[in-house]
Amino acid sequence: MGCIVLSDQRGRIIIFIEERHQAILDMLGQAGRITTGEIQQRFGISYDSAKRDLRILEEKGLLKRTHGGAIMIRSVGWSGQTNEKTGKERAENVKDNYLDIAKRAIKEIGSQEVVYVTAASVGYLMAQNMPDDQIFTVVTNSIAIAEELRKKGNITVILAGGEMSANGSFYDGFSMEILKRLHFDKCFITSACISAKGGLSVQKSKNMELLNTVIQNSRKVYGLYPVEKIGMDSVISICGLDSLDVLITDEEASEEDVRVFEDAGVTVIVARKEMQE
């Protein structure tokens, strides 16, 4: 049995590898993610040893490795308790990588284009950061996004409305009828999870028809997926990876994850953090 030795003010303490692995899982359970640097600092081990620990735990199905560490594996039925919150309300609690992805997605919008923007939190972050120097049209089924874009004179907004759900979005027959009649240069969508085997998947069936309709009516489909959603499956599969043209993710996505999408013919854009002056 392998072990490491740590020093503290009380003397020398021996921690076995199995105990270290459990401690890593405990840290991950509390924070939702962990970096190799945090593991090195906590246990006094090398970078290679920290990476090896994460690889072993991933092989056991206990976590998912990222570019700089690891994140928790979501259960298939994971909901995050956000289903009845608006994209605006969810955006208040998401990590910075969502904003990185949103800002990078905006750069893909061209002048005079008609684009669909997801009602999810990353879509609201897009709405908050839309440019003022080009004219285009945004279609959305989110009242929060429509209200945010109402302030911008250069953007025409089409709200696919109907009977509003508790989270301020529209998914009913009225909304679907509007979306079926529209055509998009580009759509910016997301879902609960995405993986090579399961494709795009969702937690609620109400999202199935909407996403498939938007995809079918778009010339180019962009998937906006932070690393937390990649390589996992939710309960309902809606379409395969071949429905995506481009995937925009963040810097924590591993090389293995990126390679999977590229091998499937999807162009991968990694959103870089903006340098602060």
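Okay, here's what the table says:
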{"quantity": "Residue match in segment 187-210 (condition: more than 24 Å from SER237 (Cβ to Cβ) and either part of a loop (DSSP other than H, G, I, E, B) or not assigned by TED's automatic domain parsing to the domain that holds SER234 (or both))", "calculated": "no"}
{"quantity": "All positions within segment 217-228 that are within 13 Å of ILE189 (Cα to Cα) and within 15 Å of the chain's Cα centre (by Cα)", "calculated": "TYR222, GLY223, LEU224, TYR225, PRO226"}
{"quantity": "Residue in segment 212-231 that is under 26 Å from GLU177 (Cβ atoms), without any contact (Cβ under 8 Å) to a residue 24 or more places away in the chain and assigned by TED's automatic domain parsing to the domain that holds ALA119 present", "calculated": "yes"}
{"quantity": "Residue within segment 91-110 that is of a type in the set (Asp, Glu), at pLDDT 65 or above, assigned by TED's automatic domain parsing to the domain that holds THR213 and assigned to a helix (DSSP H, G or I) present", "calculated": "yes"}
{"quantity": "Segment 19-50: number of residues that are part of a helix (DSSP H, G or I) and either under 24 Å from ASP96 (Cα atoms) or modelled with pLDDT under 85 (or both)", "calculated": "14"}
{"quantity": "Among the candidates VAL157, VAL122, VAL115, residue that is surrounded by 20 or more Cβ atoms within 10 Å (Cβ to Cβ) and assigned to a strand (DSSP E or B)", "calculated": "VAL115"}
{"quantity": "Residue match in segment 175-186 (condition: buried (at least 16 other Cβ atoms within 10 Å of the Cβ), in a loop (DSSP other than H, G, I, E, B) and either outside the structural domain of TYR124 (by TED's automatic domain parsing) or not small (Gly, Ala, Ser) (or both))", "calculated": "yes"}
{"quantity": "Subset tally (residues that are modelled with pLDDT of 95 or more, outside any loop (DSSP other than H, G, I, E, B) and surrounded by 21 or more Cβ atoms within 10 Å (Cβ to Cβ)) for segment 214-249", "calculated": "9"}
{"quantity": "Residue in segment 173-189 that is within 30 Å of GLY61 (Cβ to Cβ) and modelled with pLDDT of 95 or more present", "calculated": "yes"}
{"quantity": "Filtered residues of segment 159-181 (kept if in contact with a strand residue (DSSP E or B) (Cβ under 6 Å, 6 or more places away or on another chain) and in contact (Cβ under 8 Å) with a residue 40 or more places away in the chain)", "calculated": "SER169"}
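The values are calculated or read from the model by the stated rules, or taken from the named source; none is laboratory data. The structure presented is a predicted model; accordingly, all values stated were derived computationally and were not measured. Glycine gets a Cβ as well: all are built from the backbone with ideal geometry, and neighbour counts include every protein chain shown.
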